[in-house]
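Only one structure is covered here, and it is reproduced in the block below.
The values are calculated or read from the model by the stated rules, or taken from the named source; none is laboratory data. In this text, all values refer to a predicted model and were calculated from it rather than measured experimentally. Methodologically, a virtual Cβ is constructed for each residue, glycine included, from the backbone with ideal geometry; neighbour enumeration extends over all protein chains shown. Only protein heavy atoms, including side chains, enter the accessible area calculation; ligands, DNA and RNA are left aside. Shrake-Rupley method; radii C 1.70, N 1.55, O 1.52, S 1.80 Å.
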Amino acid sequence: CGVESGLQWLHKSFPLPTTERGRSGLWVEESFNIVSVSRASMKTSPQPQETVVEMSARGSGKPKGLHRSLLNPKSPNPETSQSWVDVAESFGLRTTQPSRDALPNCVIGVNIVANFILALEVVFSSECLVGCALAIAYTLLYYYYGMYLAINMSWNLVSLAVIFPISQGIGMGFKRREQALGEFGNMLGHVRSLWGAVHCWKASVNGSYVRVLDTYEDPEAAQRSIGELFERLFAGLIAYFDVERTGRARQATNIHGREEARLLQETMRKRSHYVGNCFARLQRLVQDLKTHGLPGGEAHRLDQYISKAGVAFDRLTMLKEYRTPQAFRAFARIYILIIGAMYGPYYMYLSRAADGSQDNLGLSISFACAIQIAMSGLFNVMLGLEDPFDRRAKMFTRQLDSVHVAQMMEAMRLQLLQIQDDSEVPWDSGAMEGPWGL
């Protein structure tokens, strides 16, 4: 049709309300059966206004279907406006919180104690003990041989040489972790979409539509092979991100570390190629589905899923194999260890009274160790975020803020099994089977 005939759907104007209509405020064209509410009626009517969907559902007498409000649990009309709790429980989804009967009454006190425990685990490491020993040694040397050097010193050097590198390193490490989580979500989302398409999409066979998996001579064997391929992919991902990181100082300077770095890089390369081979097999799976009747456009869509998942994995490999600047970390670590030597005169200044008549060696040592513990704790936090992926840690160590790859893969595996079990059930069959009541 021409432009003039095509504009007939937008020929109605939207004039301002007039006094002849008896309205003052809101105006909506009633030819589309959209409710018009005046400001006067809003002021005089204390009852909450029903939405358009609620009014249409109430008037037509249709069964449930998005007409129940998820808010306003105290609505005077519970038939059409219920809380989200009522709606969720009507579908078998339990909304109660886990019981706290096993917890003590003073939950705040327990959280404070737990925070102290976590802080001690982060702070007290081998490097912290070495730093405290050096701080005590520096303080004793100044106390016995350099008391005359006692002076009040500025802490600008510490903020420039230690605090600034550590704070920047923590920021970069946290950014890497958040980027890794985003790439994992992108990759696993496309893998889940691929799995659902393989189990749900249909092809035309002899004039009727059947699932693509049912076109195989042995659908159960084909389903087992597909499940094994996805299982290989998940196991390969866990194994790759479990490799210890490279780029340590001993590896960069060839002090008993060059061979270690070579072995780690070779291991990461082999496991990365294993995951890449799984993605290549997924592409061949899509081509095999196309030979069993899957339309070319839908096969192209599945190829896009695999391509986007592969790109997300490549980005994750860059985050895994490349670290923050090596000199950045080395600079901060060295200054933390020698800070006691630079600020020994200030520690002696603290140990003396205002008139210089008293000496308090314990105060100087305590302050020196406190500074060392604080610096070492921040440095350990930066190192914990350096490799954002969780791996099998050494004894007596924990990775608090790492991405738990194994748990993530296990959750995805259970979700894929749920999709597989639900793939043969009609979409409007009623209640969904699953552990929704947990």
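Screening Gly182 against (1) in contact (Cβ under 8 Å) with a residue 12 or more places away in the chain; (2) open to solvent by 20 Å² or more (accessible area, probe 1.4 Å); (3) within 25 Å of the chain's Cα centre (by Cα) leaves a single unmet condition, (1). Evaluation of Arg271 against the conditions (1) within 18 Å of Gly247 (Cα to Cα); (2) of a type in the set (Lys, Arg); (3) touching a Gly at 6+ places or on another chain (Cβ under 9 Å) shows that the sole unmet condition is (1).
Output the residues belonging to the range 197-222 that are surrounded by fewer than 17 Cβ atoms within 10 Å (Cβ to Cβ), touching a helix residue (DSSP H, G or I) at 6+ places or on another chain (Cβ under 7 Å) and farther than 16 Å from Pro295 by Cβ. Tyr216, Pro219 - these are the residues of the range 197-222 that are surrounded by fewer than 17 Cβ atoms within 10 Å (Cβ to Cβ), touching a helix residue (DSSP H, G or I) at 6+ places or on another chain (Cβ under 7 Å) and farther than 16 Å from Pro295 by Cβ.
May I ask you to list the residues in the range 240-249 that are in a helix (DSSP H, G or I) and buried (at least 19 other Cβ atoms within 10 Å of the Cβ)? Please lay out each step first, then the result.
Within the range 240-249, the subset in a helix (DSSP H, G or I) is 240-241, 249.
Answer for the range 240-249, where residues must be in a helix (DSSP H, G or I) and buried (at least 19 other Cβ atoms within 10 Å of the Cβ): Tyr240, Phe241.
Of all residue pairs spaced 6 or more apart or on separate chains, those with beta-carbon atoms under 7 Å, a first member in the range 384-412 that is in a loop (DSSP other than H, G, I, E, B) and a second member that is at pLDDT 70 or above and open to solvent by 50 Å² or more (accessible area, probe 1.4 Å) are Pro388/Arg177; Asp390/His404; Arg398/Glu121; Leu400/Leu118; Asp401/Arg177. The residue pairs whose first member lies in the range 115-127 and is among the β-branched types (Val, Ile, Thr), whose second member is assigned to a helix (DSSP H, G or I), and whose beta carbons are closer than 8 Å, counting only pairs six or more residues apart or on different chains, are Val122/Gly377; Val122/Asn380; Val122/Val381; Val122/Gly384; Val123/Ile373; Val123/Ser376; Val123/Gly377; Val123/Asn380. Restricting attention to the range 245-275, the residues that are within 21 Å of Ala312 (Cα to Cα) and charged (D, E, K, R) add up to 4.
Does Met147 count as over 30 Å from His300 (Cβ atoms) and at pLDDT 85 or above?
no
Selection of the range 278-322 for residues being farther than 18 Å from Gly196 by Cβ, within 21 Å of the chain's Cα centre (by Cα), open to solvent by 50 Å² or more (accessible area, probe 1.4 Å) and not hydroxyl-bearing (Ser, Thr, Tyr) yields Val311, Asp314, Arg315, Met318, Glu321. Quick one: would you say Gln326 is in contact with a helix residue (DSSP H, G or I) (Cβ under 9 Å, 6 or more places away or on another chain) and over 30 Å from Gly131 (Cα atoms)? So Gln326 fails the test.
Among the residues of the range 149-163, those identified as open to solvent by 40 Å² or more (accessible area, probe 1.4 Å), touching a helix residue (DSSP H, G or I) at 6+ places or on another chain (Cβ under 9 Å) and assigned to a helix (DSSP H, G or I) are Leu149, Leu157, Ile163.
Inspect the range 250-264 for any residue being out of contact with any Asp or Glu (no Cβ under 8 Å at 6 or more places or on another chain), open to solvent by less than 30 Å² (accessible area, probe 1.4 Å), touching a residue at least 40 places away in the same chain (Cβ under 8 Å) and in a helix (DSSP H, G or I) and give the result as yes or no. So far as the range 250-264 goes, no, none of its residues is out of contact with any Asp or Glu (no Cβ under 8 Å at 6 or more places or on another chain), open to solvent by less than 30 Å² (accessible area, probe 1.4 Å), touching a residue at least 40 places away in the same chain (Cβ under 8 Å) and in a helix (DSSP H, G or I).
Looking only at the range 190-217, count how many residues are over 17 Å from Gly296 (Cβ atoms), touching a Pro at 6+ places or on another chain (Cβ under 9 Å) and either assigned to a loop (DSSP other than H, G, I, E, B) or not basic (Lys, Arg) (or both). Walk me through it before giving the result.
Going through the range 190-217, the residues over 17 Å from Gly296 (Cβ atoms) turn out to be 190-193, 195-196, 199-200, 206-208, 210-211, 213-214, 216-217.
If we keep only those that are touching a Pro at 6+ places or on another chain (Cβ under 9 Å) too, we end up with 211, 213.
With either assigned to a loop (DSSP other than H, G, I, E, B) or not basic (Lys, Arg) (or both) added as a condition, the list becomes 213.
Here the count works out to 1.
Could you tell me whether Glu244 is more than 28 Å from the chain's Cα centre (by Cα) and of a type in the set (Asp, Glu)?
Numbers: more than 28 Å from the chain's Cα centre (by Cα): no; of a type in the set (Asp, Glu): yes.
When the stated conditions are applied, Glu244 does not pass them.
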